[in-house]
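Beneath this line is the structure, given in structure tokens, with notes to follow.
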Amino acid sequence: MKILIGYDGSECADVALDDLTQAGLPASGEFHILSVAEVWLPPPPPSSYEIIDEARNATSPAELQRDFSKHCVAAKEVLALAERAGDRLQTLFPNWKVSVDSSCGSAAWELVARADEWNPDLIVVGSHGRTALGRFVLGSVSQRVLTEARCSVRIARGRVEEPNSPVRIIVGTDGSEASAEALRAVAARPWPARSEIKVVMVDDPLAPEFLAKVIPSLGKTLEEDRQEERAWVEKISTRSLDILRQTGIKVTCAVREGDPKHELCKAAEEWNASCIFVGSAGFSNRLERFVLGSISAAVAARAHCSVEVVRKGS
């Protein structure tokens with residue numbers, strides 16, 4: 001397993017490192033930590049001698065530019081942060097290979113670009129926990145990475161828990177292939193003993209009830225549709241349990257009514273969940289992602305626990 005971690009030295013970035021101990025990771029794998037200096041001005045242009053010297057080892061213009069950016073003071077400072085995070089991770093995961101690097105630019109775009117080059121299974125970023133207004137106006141590194149990355153993304157948040165408390169995972173499912181990917185991702189992890197998984201399906205009955213009141217003649221037809229939905233929910237529950245049975249840990253199912261964006265977060269809060277796993281809708285382009293949004297992005301922004309958005313093939 002290959003995991004790319006964005007680290008900026010903040011408290012939430014340290015929380016993201018500690019959160020990995022509850023992520024069900026395998027005994028060995030590879031971490032790559034990237035710290036980005038968000039500078040407004042580029043480093044001074046190199047001399048012709050420096051260009052010739054660096055170009056001997058560079059394989060592309062992008063790599064050459066990255067090599068030069070490392071010489072700026074800010075990049076050297078954040079590299080020290082990455083090295084500190086590397087030492088911390090090596091202590092937590094002694095059998096994992098850990099590498100570190102730094103760059104200059106936009107943190108979100110640098111992480112996405114590095115992911116395109118390195119092809120990790122998962123990107124991990126901490127959440128600074130902005131207010132809802134702040135997220136809407138300013139966005140955040142975590143939300144931008146979640147929107148643009150091609151692989152799975154884990155937005156890590158710390159929770160105050162008792163020592164040795166069990167890992168509790170909520171998996172949101174709606175019967176789609178995207179949610180099935182989330183179920184399979186959870187099933188593939190070696191979760192510690194006493195871990196628990198709860199599969200949550202959210203049914204939104206408001207639209208049918210409203211139509212039945214406005215157009216009474218539709219009442220019978222809508223009730224038949226509701227009965228079919230109940231059978232569908234039972235089918236999805238059985239299928240989800242079949243996928244997760246191989247984990248060997250306790251698995252339960254729950255059905256809630258309301259808006260999935262809110263209900264998944266509420267379920268996690270009530271159950272004191274460690275993380276919510278959701279599938280990605282997989283929009284085909286950036287315009288669709290910007291205009292339509294997704295349940296996974298909304299849950300990642302609103303949840304008080306960590307959220308892992310699973311993308312197919314990750």
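The values are calculated or read from the model by the stated rules, or taken from the named source; none is laboratory data. For clarity, every value in this text was computed on a predicted model and none was experimentally measured. Because the Cβ atoms are built from the backbone with ideal geometry, glycine has one as well, and the counts that use them run over all protein chains shown. We work out accessible area using only protein heavy atoms, side chains counted, and drop any ligands, DNA or RNA first. Shrake-Rupley method; radii C 1.70, N 1.55, O 1.52, S 1.80 Å.
Please specify each residue of segment 262-274 satisfying the condition of being surrounded by 20 or more Cβ atoms within 10 Å (Cβ to Cβ) and either acidic (Asp, Glu) or touching a helix residue (DSSP H, G or I) at 6+ places or on another chain (Cβ under 7 Å) (or both).
Listed by number, the residues that qualify are Glu263, Leu264, Cys265, Ser274.
Looking at Val255, Val251 in this structure, which one is at pLDDT 80 or above and open to solvent by 60 Å² or more (accessible area, probe 1.4 Å)?
After applying the criteria, what remains is Val255.
Go through segment 1-35 and count every residue that is β-branched (Val, Ile, Thr) and open to solvent by less than 20 Å² (accessible area, probe 1.4 Å).
3
Looking at Val291, is it open to solvent by 50 Å² or more (accessible area, probe 1.4 Å), among the β-branched types (Val, Ile, Thr) and either modelled with pLDDT of 90 or more or under 23 Å from the mean Cα position of the chain (by Cα) (or both)? Outline the logic, then answer.
Working: open to solvent by 50 Å² or more (accessible area, probe 1.4 Å): yes; among the β-branched types (Val, Ile, Thr): yes; either modelled with pLDDT of 90 or more or under 23 Å from the mean Cα position of the chain (by Cα) (or both): yes.
Yes.
Given the conditions (1) crowded, with 20+ Cβ neighbours inside 10 Å; (2) in contact with a helix residue (DSSP H, G or I) (Cβ under 7 Å, 6 or more places away or on another chain); (3) at pLDDT 90 or above; (4) closer than 24 Å to Val310 by Cβ, report the number of the one that Leu92 does not fulfil.
Of (1) crowded, with 20+ Cβ neighbours inside 10 Å; (2) in contact with a helix residue (DSSP H, G or I) (Cβ under 7 Å, 6 or more places away or on another chain); (3) at pLDDT 90 or above; (4) closer than 24 Å to Val310 by Cβ, only one is false for Leu92: (1).
Considering each of Glu209, Glu229, Glu263 in turn, give the residue that is in a helix (DSSP H, G or I), in contact with a strand residue (DSSP E or B) (Cβ under 9 Å, 6 or more places away or on another chain), at pLDDT below 75 and acidic (Asp, Glu).
Glu229
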